[in-house]
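**Student:** Handing you a structure now.
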Amino acid sequence: MNFPEHLLYTAEHEWVDISDGIATMGITDYAQDALGDVVFVGLPELGRTVGAGDSIAEVESTKSVSDIFAPVAGVISEINERLQATPELLNSDPYGEGWICRLTLAGDPAGQLLDIAAYRKLLNSE
Amino acid sequence: MNFLSHSAAGGRASSSPLVGDAPEPTIFELSVADRRAYSLRETEIPPMALDGIEEWLRTDPIDLPEVSERDLVAHFTRLASRNYSVDLGAYPLGSCTMKYNPKFADQIAAIDGLVNVHPATPPEAIQGWLRLLHELEGYVCEITGMAQATLQPPAGASGELTGLLIMRAYHASKGRKPSKVVIPDSAHGTNPASVSLAGFQAVTVPSGPNGLVDLEKLKALVDQDTAGIMLTNPNTLGLFEQEIQEILAVIHAVGGLAYYDGANLNAIVGVARPGDMGFDIVHSNLHKTFATPHGGGGPGAGPVAVVEHLAEFLPGPLPRPVDAGNTYTWMTPQRSIGRVHAFFGNAVVLARALAFMRYLGRDGLTTMSQLAVLNANWLKHRIETTFEVAYDQPCMHEFVVSAERLKEETGVRALDVAKALLDAGFHAPTIYFPLVVHEALMIEPTETESPQTLEALAQALEQIVATAKDDSAAVLDMPQNTPVRRLDEAGAARNPVLTEDGRH
């Protein structure tokens, strides 16, 4: 499984890429594999102010429906509308075309997220 | 030999092979212009001119299949013969209680005076029906430990919504508007959906390592904004919540209500009552526990029973005795949340459930639950070396095992085990649920399967695992003997084709 070194992660198997006060997020390779074939993505609401850990979206696969949580606090500033017609992008390219949304950060999320070493440790313990 | 053609001049023949992968034609493919399933030689109704309503008349023909009765019956009988059902064999679908429904209950429900009654008939003319429903309400309340009940909700999820609307009406009557309902992480998917639909927000409480609600974590997230909790007990892992009274005390301490999801009631009838545990609102799935038809669309029945102080919010009308119990009439409680179903719910299903309860009686219903628990524990023990048992403790009416080890060793997943089991003549167990167990197989044998059937199920699972270790490709290629084999589930969900002519 692929876990890019430069990303930050959460215990909910989501990745975050922070740059210039904007956080781009999606689900990890582990999450997409565990979910199986994704058939529907309920996208976040544009402009919504969210706290870290708030449920912002849902992903439905042939196995189950799972919540997507905001990895950081902020405002939903962009959503990946392509996921509506092609939810399978979450499976085929979870770190690229399968990104879910971007948030304008509220405050500094430092310390709340896992680096690659900490995320790998979490995966090994599951 | 393959028989390729079932077409003849003028249309498609209504005969096709029952075994093998020849597709059954759709009812539209069997259609022949102007063919009818009835013949009206003469009508006694005089023709009338449709003057003045021309603008309301349909001009486009309705696109309906045109078939004879003979072809129609053949078509649906063939489809039924290709479908697996409770009447055909064991159906260990965890959390669904797919037990055999005895036929005497169908006979009772087919009594002319029950079945040929228009739902708008005035109560004076259907006193028997009102008495039947009132009696059933009494039994539901006695079994669940509640005071009064509505029989209207047509299914479990409808019962959940009804219960949550009662919860909301109760808080509103106290001038409160709490927003949160607590749900364990092992809950049924319908619970959070019902919570959202009722206008609340679902808050998840995690399970501890023993698979039960983590009491300390529950205390940490319950506050004045908590409207209540939804629980099944035994829970979705088939485990009895041993701290149930402490859990409910935490909710009651902030003024919240406790909702019992009756999905797993089959484990405890006659042995333990949700009301005695401290629950305030209880739904029971008559189509699970009380052996009325289930699956394939039911129809189901999910009565909601409540403690006395919530009875004023129940949906109406309710059958109530008047005149010293000599007659019955319909009454709607003062602060009723309103109807949740047309008329009186799925009434003939309710008649079946009452027949089942009366037939088994108090002792029979208790034995029913005891045997359900015994069968589950026997089967769990029988296959504990074949799969890892998720929680190694006595279970109630169902249990969860994991195919994680098998997946790591052979690449064969829970899904593949479930598909392979179809070749052995069993319905698949529930898979990938609850979510807290990886590669979960959730097995509920129910009390209606014999020791011989349970042994055959165990042997089939053993054979699948042995085959997986020897030749995993063989398992990945199963089922071989079903009318259709592996279907493209993801494709069907992403691009559903919902019309006969393939329009999306």
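**Student:** Show me B:166-176, B:276-286, B:305-315 ranked by packing, highest mean number of other Cβ atoms within 10 Å first.
**Tutor:** Working: B:166-176: 17.2, B:276-286: 25.0, B:305-315: 20.8.
Descending mean neighbour count gives B:276-286, B:305-315, B:166-176.
**Student:** Which value, in debye to the nearest 20, describes the size of the charge dipole of the protein assembly as shown about its Cα centre when Lys and Arg Cβ atoms bear +1, Asp and Glu Cβ atoms bear -1, and nothing else is charged?
**Tutor:** Computed about the Cα centre, the dipole is about 1580 debye.
**Student:** Rounded to whole Å and sorted largest first, list the principal axis extents of the Cα atoms in segment B:162-225.
**Tutor:** The principal-axis extents, from largest down, are 39, 24, 14 Å.
**Student:** Continuing with the same structure: What is the ratio of the Cα radius of gyration of segment B:1-107 to 2.2 N^0.38 Å, with N the residue count, to two decimals?
**Tutor:** 1.62
**Student:** Need one value for A:62-69: mean number of C-beta atoms belonging to other chains within 10 Å of its residues' C-beta atoms.
**Tutor:** 4
**Student:** Sticking with this structure for a sec: In angstroms, what radius of gyration and Dmax does segment B:254-352 have, counting Cα atoms only?
**Tutor:** Gyration radius and largest Cα-Cα distance of segment B:254-352: 15.0, 43 Å.
**Student:** Let me ask something else. How high is the relative contact order of chain B? Use alpha-carbon pairs under 8 Å, at least six apart in sequence, and give a whole percent.
**Tutor:** Here the relative contact order equals 17 percent.
**Student:** Right, something else. Helix-only estimate, please: 222 nm mean residue ellipticity of chain B, summing -39500 (n - 2.57) across DSSP H runs of length 4 or more and dividing by its residues, to the nearest 500.
**Tutor:** The helix-only estimate for chain B comes to -10500 deg cm²/dmol at 222 nm.
**Student:** Kirkwood-based Rg over Rh for segment B:348-408 (C-alpha set), two decimals?
**Tutor:** In segment B:348-408, Rg relative to Rh is 1.21.
**Student:** Could you tell me the center-to-center distance, by alpha carbons, between segment B:312-333 and segment B:147-177 in angstrom?
**Tutor:** 18
**Student:** Kindly rank B:436-442, B:462-468 from highest to lowest mean number of other beta carbons found within 10 Å of each residue.
**Tutor:** Top of the packing list down: B:436-442, B:462-468.
**Student:** When the distances between all Cα atoms of segment B:175-284 are binned every 10 Å from zero, what whole-number percent does each bin get?
**Tutor:** For segment B:175-284, the binned pair fractions read 15, 52, 30, 3 percent.
**Student:** Let me ask something else. Which whole-number percent is the relative contact order of chain A (Cα, under 8 Å, 6+ apart)?
**Tutor:** It rounds to 30 percent for chain A.
**Student:** For peptide A:85-91, how many partner chain Cβ atoms fall within 10 Å of a residue's Cβ, on average?
**Tutor:** 1
**Student:** Another question, then. Tell me which residues come under 5 Å, amide H to amide H, from B:Gln201 once H is placed; ignore anything under 5 positions away on its chain.
**Tutor:** Residues meeting the criterion, in which the H sits 1.01 Å from N, are B:Lys180, B:Val181.
**Student:** If you look at just the Cα atoms of the protein assembly as shown, how large are its Rg and its Dmax in Å?
**Tutor:** Every Cα atom of the protein assembly as shown included, Rg and Dmax give 27.3, 85 Å.
**Student:** Taking 7 Å along the Cα-to-C-beta vector as the label spot, tell me the B:Thr77-A:Leu123 distance in nanometres, rounded to one decimal.
**Tutor:** So the two model labels end up 5.7 nm from each other.
**Student:** Can you tell me what percent of all Cα-Cα pairs in chain B are more than 33 Å apart? Before the final figure, lay out each step's value.
**Tutor:** Numbers: 63090 of 126756 pairs.
Result for the distance tail: 50 percent.
**Student:** Counting only other chains, and only Cβ atoms inside 10 Å, what mean value do you get across the residues of B:186-193?
**Tutor:** Mean partner-chain Cβ count within 10 Å for B:186-193: 1.
**Student:** Sticking with this structure for a sec: Hey, for a label at B:Arg358 modelled as a point 7 Å past Cα toward Cβ, could you say which residues of segment B:118-154 have their backbone N under 19 Å away?
**Tutor:** What the label zone holds, given the 19 Å backbone N cut-off, is B:125-143, B:151.
**Student:** Let me ask you something else. How big is the antiparallel share of DSSP beta bridges in the protein assembly as shown, given as a percent to the nearest 5?
**Tutor:** 75
**Student:** Could the peptides A:104-112, B:317-325 be put in order, highest first, of the mean number of other beta-carbon atoms found within 10 Å of their residues?
**Tutor:** The peptides rank, most packed first, as B:317-325, A:104-112.
**Student:** Determine how many Å³ per residue the convex hull of the Cα atoms of segment A:12-125 encloses.
**Tutor:** Here the figure is 96 Å³ per residue.
Laboratory data are not the source of any read-out in this text; all were calculated from the coordinates shown. On a predicted model such as this, the values are computed, not experimentally measured, just so you know. Counting neighbours? That spans all protein chains shown, and the Cβs are built from the backbone with ideal geometry, glycine included.
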